[in-house]
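*Asks:* This structure is in structure tokens; I'll ask about it shortly.
The values are calculated or read from the model by the stated rules, or taken from the named source; none is laboratory data. Remember, predicted model here, so these are calculated numbers, not experimental data. Cβ coordinates were reconstructed from backbone atoms using ideal geometry, including for glycine residues, and neighbour counts include every protein chain displayed. Quick note on the areas: whole protein, heavy atoms, side chains included, nothing else; ligands and nucleic acids left out. Shrake-Rupley method; radii C 1.70, N 1.55, O 1.52, S 1.80 Å.
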Amino acid sequence: MTGKAAYYITTPIYYVNDSPHIGHAYTSLACDVLARFMRLDGREVFFLTGTDEHGQKVEKSAAAAGRDPKEFVDEVSERFRALTELMNYSNDDFIRTTEERHIRSCQELWRRIAANKSPKGRDNIYLDTYGGWYSVRDEAFYGEGELIKGADGEKMAPSGAPVEWVEEPSYFFRLEDWRERLLEYYSGGAVAPVSRHNEVESFVKGELFDLSISRTSFSWGIPVPGDDAHIMYVWLDALTNYITAAGFPDEDSETYKTFWPADLHMVGKDILRFHTVYWPAFLMAAGLEPPKRVFAHGWWTNEGEKISKSLGNVIDPADIVAHYGLDQVRYFLLREVPFGNDGDFSHRAMVARINSELANDFGNLAQRVLSMMHKNCDAQMPQPGDFTEADKELLSAAEGLIGTVRTELGDKQSFHEALTQIWALVRQANGYVAEQEPWVLRKTDPERMATVLYAAAECIRHLATICQPFMPESCAKMLDQLGVAADARDFTSLGRDGALVAGTALPKPEPVFPRFVDETPADG
Ligand code: MSP
């Protein structure tokens, strides 16, 4: 290992009974941007994603498709691996819960939980009989009081999923005994945003039921150590992926020592409870450290409607990427909605962002400055003269941007705010160019024109460098056009030492963010 500060970030692992859609793409995109940001900021990053392949839901889907479960998950898992390529994610690992390393890790975690006593001196795991409501779609147990009534008066999970009565022998986890430790954990700021912190804290302060953590009525899962009649509850199995990938149970491995506890688990709000109640409690019970932070983001709707297979409005990431462009989609998803809130995907909103913010604001800024340098400065980076107050103001705003973005992304996971701040500089730079009128200076004062173009180009360099995590391909093109060397694109190059070098040959500029002219939605 390198001795650099480490950063371990994870996505939820995706259920393999489904095809990837925009919601899946969103969670991983947020992680990818942070992973890329942290790498450029000098950290040693481990970014994990993968597939959740056990449980009753998968067993049923495989049976419905007339397939052997293993063969079924092998095929469907590939769709999620393909998503990582389509969306240009920079994940360092792709874990599958059917892998040997994971089975070993889950069984060892179970053993440790079982071997330890709870804070009240009781066994953490005990055998009993479960009688209660279970939703296969949510893979979750529900108390009678949590259920809602469906259209025909039938009982349903709070998510609207069907429930069935389950009665079978089961091992239980003594969740209640971990209440105080969990509340202490939350008070350290582990759960974000604050609305989710409040939600989970009040849940844990309420009545906590012991959790059924094994099943006996089906077999597609990881056997409980010492009792093959039981398989582990799929959430206990799935959550453990985060430590498996870090090397557990080999706690002396460099990877484990470097990366666990994870810096950030990024999840959707629907799976908050699993990640902020059960998971830290399991880890504490096993004598392991809980993750440092869990951020639960909001949900997307499509043109105002809930996204669901039955409504036929599932957005396939491959369709929108083909229609609008990859970096355009990456930008839109993180700019459109304050991260943590719910958001709506609409063709109109997408086109508005592409045309006004990418094409008009950022694209035009770069294209104007680059083509003036190409035409009027012998296709070379111009030599600046002395900077005026106006130049210095722009340059110092450019130099200050990384600090702001570091706080917004690194500390707060506030993608939308980071982009707002970046765009404030884009607009300032456009204002500067409009005010300085380099096209007039070309005739009246070519030396001053050179200084203005240089200062604007230097600002674009900062913008393109800092935007790389959001739009890697487009920013790479912009940095190529500015003649920035491949090894001068990380954030240490944002200081004066990395400033653009006068005399560097510049290629003929090509627009990086074209306007979107086809006004038809992706599906029409
Ligand atoms: N397999 C579990 C996670 C186990 S992690 C130990 C799971 N998988 S999932 O495929 O159903 O969901 C994966 C992620 O996609 C979740 O973070 C979920 O919130 C997110 N989304 C699914 N639909 C979504 C939207 N419509 N909008 C935003 N994100 C949503 O849960």
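*Asks:* Mind checking which pairs have a first residue in region 438-461 that is open to solvent by 30 Å² or more (accessible area, probe 1.4 Å) and a second that is polar (S, T, N, Q), Cβ under 6 Å, 6 or more apart or different chains?
*Replies:* The qualifying pairs are ARG442/ASN376.
*Asks:* Please tell me if SER105 is more than 16 Å from the ligand (Cβ to nearest atom), crowded, with 16+ Cβ neighbours inside 10 Å, farther than 22 Å from HIS24 by Cα and among the hydroxyl-bearing types (Ser, Thr, Tyr).
*Replies:* Considered against the rule, which asks whether it is more than 16 Å from the ligand (Cβ to nearest atom), crowded, with 16+ Cβ neighbours inside 10 Å, farther than 22 Å from HIS24 by Cα and among the hydroxyl-bearing types (Ser, Thr, Tyr), SER105 comes out as no.
*Asks:* How about region 209-230: which of its residues are open to solvent by less than 10 Å² (accessible area, probe 1.4 Å) and among the hydrophobic types (A, V, I, L, M, F, W, C)?
*Replies:* Residues satisfying the conditions are ILE213, ILE222, VAL224.
*Asks:* When you go through (1) out of contact with any helix residue (DSSP H, G or I) (no Cβ under 6 Å at 6 or more places or on another chain); (2) surrounded by fewer than 20 Cβ atoms within 10 Å (Cβ to Cβ) one by one for VAL73, which number turns out not to apply?
*Replies:* (2)
*Asks:* Which one is farthest from the ligand (Cβ to nearest atom) among residues in region 15-36 that are more than 22 Å from MET350 (Cβ to Cβ) and surrounded by fewer than 23 Cβ atoms within 10 Å (Cβ to Cβ)?
*Replies:* Filtering region 15-36 for residues that are more than 22 Å from MET350 (Cβ to Cβ) and surrounded by fewer than 23 Cβ atoms within 10 Å (Cβ to Cβ), the one farthest from the ligand (Cβ to nearest atom) comes out as ARG36.
*Asks:* Same structure again: Are there any pairs with C-beta distances below 9 angstrom linking a residue in region 468-479 that is touching a residue at least 40 places away in the same chain (Cβ under 8 Å) and surrounded by fewer than 20 Cβ atoms within 10 Å (Cβ to Cβ) to a residue that is in a helix (DSSP H, G or I) and of a type in the set (Lys, Arg), with the two at least 6 apart or on different chains, and if so which?
*Replies:* PRO472/ARG36; PRO472/ARG330
*Asks:* In addition: Any idea which of (1) over 26 Å from PHE339 (Cα atoms); (2) within 13 Å of the ligand (Cβ to nearest atom) is the one PRO69 doesn't satisfy?
*Replies:* With (1) over 26 Å from PHE339 (Cα atoms); (2) within 13 Å of the ligand (Cβ to nearest atom) applied to PRO69, the lone miss is (2).
*Asks:* Restricting attention to region 290-310, report how many residues are within 12 Å of the ligand (Cβ to nearest atom) and either open to solvent by less than 40 Å² (accessible area, probe 1.4 Å) or not charged (D, E, K, R) (or both).
*Replies:* So the answer is 12.
The rows are residues; the columns are (1) more than 16 Å from GLY483 (Cβ to Cβ); (2) in contact with a His (Cβ under 7 Å, 6 or more places away or on another chain); (3) open to solvent by 30 Å² or more (accessible area, probe 1.4 Å).
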| residue | (1), (2), (3) |
| --- | --- |
| SER356 | yes, no, yes |
| ALA359 | yes, no, no |
| HIS374 | no, no, yes |
| CYS377 | no, no, no |
| ALA390 | yes, no, yes |
| SER396 | yes, no, yes |
| ILE402 | yes, no, no |
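*Asks:* Is one or more of the residues making up region 269-276 assigned to a helix (DSSP H, G or I), touching a residue at least 60 places away in the same chain (Cβ under 8 Å), away from the ligand (no atom under 11 Å from the Cβ) and open to solvent by 10 Å² or more (accessible area, probe 1.4 Å)?
*Replies:* yes
*Asks:* If you go through region 338-354 one residue at a time, do you hit one that is among the aromatic types (Phe, Trp, Tyr), within 14 Å of the ligand (Cβ to nearest atom) and at pLDDT 95 or above?
*Replies:* yes
*Asks:* Can we say GLY287 is surrounded by fewer than 23 Cβ atoms within 10 Å (Cβ to Cβ), more than 14 Å from the ligand (Cβ to nearest atom) and under 21 Å from THR98 (Cβ atoms)?
*Replies:* No, not satisfied.
*Asks:* Same structure, new question: Do you know which residues across region 481-497 are buried (at least 17 other Cβ atoms within 10 Å of the Cβ) and not in a loop (DSSP other than H, G, I, E, B)?
*Replies:* GLN481, ALA488, PHE491, SER493, LEU494
Here is a yes/no grid of residues against (1) of a type in the set (Ser, Thr, Tyr); (2) open to solvent by less than 30 Å² (accessible area, probe 1.4 Å):
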| residue | (1), (2) |
| --- | --- |
| SER170 | yes, yes |
| ARG174 | no, no |
| ASP177 | no, yes |
| VAL194 | no, no |
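*Asks:* Here is a follow-up. Go through region 226-237 and count every residue that is of a type outside the set (Val, Ile, Thr) and in contact with a helix residue (DSSP H, G or I) (Cβ under 8 Å, 6 or more places away or on another chain).
*Replies:* Looking only at that region, the number is 4.
*Asks:* Show the residue pairs meeting these rules: Cβ distance below 9 Å; 6+ apart or different chains; first residue within region 19-32 and more than 13 Å from PHE470 (Cβ to Cβ); second residue among the charged types (D, E, K, R) and within 8 Å of the ligand (Cβ to nearest atom).
*Replies:* HIS24/ASP18
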